[in-house]
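The values are calculated or read from the model by the stated rules, or taken from the named source; none is laboratory data. Bear in mind the structure is a predicted one, so any value in this text is a computation, not a measurement. Glycine also receives a Cβ, built like all others from the backbone with ideal geometry; neighbour counts cover every protein chain displayed. Ligands, DNA and RNA are stripped out before the accessible areas are found, and what is left, the full protein with its side chains, is counted by its heavy atoms. Shrake-Rupley method; radii C 1.70, N 1.55, O 1.52, S 1.80 Å.
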Amino acid sequence: MNTLARRAAFVTAALGAAIGMTVSSASATTTSHSWAVSPGGAFTASATLPTLDVPLVQLVCDSSAVSAGTLQTTSADGVGIGSINNITFTGCDVGGISFTVSMKASPWKINVTEPNATHSDWVDGTVSDISAHISGVGCNADFTGKVYGHYDNTKGALVIDGTGSDLKASNASCLGLISNGDVASFNAEYVVGPKQKITATS
């Protein structure tokens, strides 16, 4: 694999880890729990070195920021308990070639599904309705779908863990490095302010 492909693959994997909440695909949008959030309301969030990986390339960004998000204080089922209304990515590149990443449609929805089975301070969930566009020299692609992860109540962090196969590329024109239907893995850890506490109430 040439340098560009290796770098692209590395960046793509990192971005996939940076944006999301840990959860199994099976519990994507349904939950048997009701939820409470404190304090709820408006929030911002920031992540360092988010990555997005597809089979041949990786997109890596210096940082990402949610400048406008909202959280409900209660939810009967956790679906749409929060929204990401504006998110930006800074200093992104693939193999040293600069790329821009933009939010194509909003809001992206935050959903919680279950208390985590092994970490008492985590709640599992997803970020759905994702719609983003990347562009660089000779390369453009859209990414739409859903990512999985968890919210860490102790750290106050929304973690996207790169699991699942529901974030996919479309409208791709990228020198054969990204193809329509490619599954993307996004990784990121977004520290949320003000710090939130999300708990199941039933």
- Could you list, in sequence order, all residues of segment 162-202 that are within 18 Å of the chain's Cα centre (by Cα), within 30 Å of Ala36 (Cβ to Cβ) and of a type in the set (Gly, Ala, Ser)? Gly162, Gly164, Ala188, Gly193
- Task: Return yes or no: is Ala68 over 28 Å from Ser135 (Cα atoms), small (Gly, Ala, Ser), free of Cβ contacts under 8 Å to residues at least 40 places away in the same chain and assigned to a strand (DSSP E or B)?
- Result: no
- Message: From the list Thr118, Thr100, exactly one residue is out of contact with any Leu (no Cβ under 6 Å at 6 or more places or on another chain) and part of a strand (DSSP E or B). Which is it?
- Response: Thr100
- Qualifying residues in segment 148-164 (those that are of a type in the set (D, E, K, R) and buried (at least 17 other Cβ atoms within 10 Å of the Cβ)) - the one nearest to Ala200 (Cα to Cα): Asp152
- Task: Scan Leu175, Leu167 and give me the residue that is in contact with a Gly (Cβ under 8 Å, 6 or more places away or on another chain), open to solvent by less than 20 Å² (accessible area, probe 1.4 Å) and over 22 Å from Thr44 (Cα atoms).
- Result: Leu167
- Query: Considering segment 112-147 alone, what residues qualify as being under 15 Å from Asp161 (Cβ atoms), more than 12 Å from the chain's Cα centre (by Cα) and either of a type in the set (Lys, Arg) or buried (at least 22 other Cβ atoms within 10 Å of the Cβ) (or both)?
  - Reply: Val112, Thr113, Trp122, Val123, Asp124
- Query: Could you say whether any residue in segment 61-77 is open to solvent by 10 Å² or more (accessible area, probe 1.4 Å) and touching a Leu at 6+ places or on another chain (Cβ under 8 Å)?
  - Reply: yes
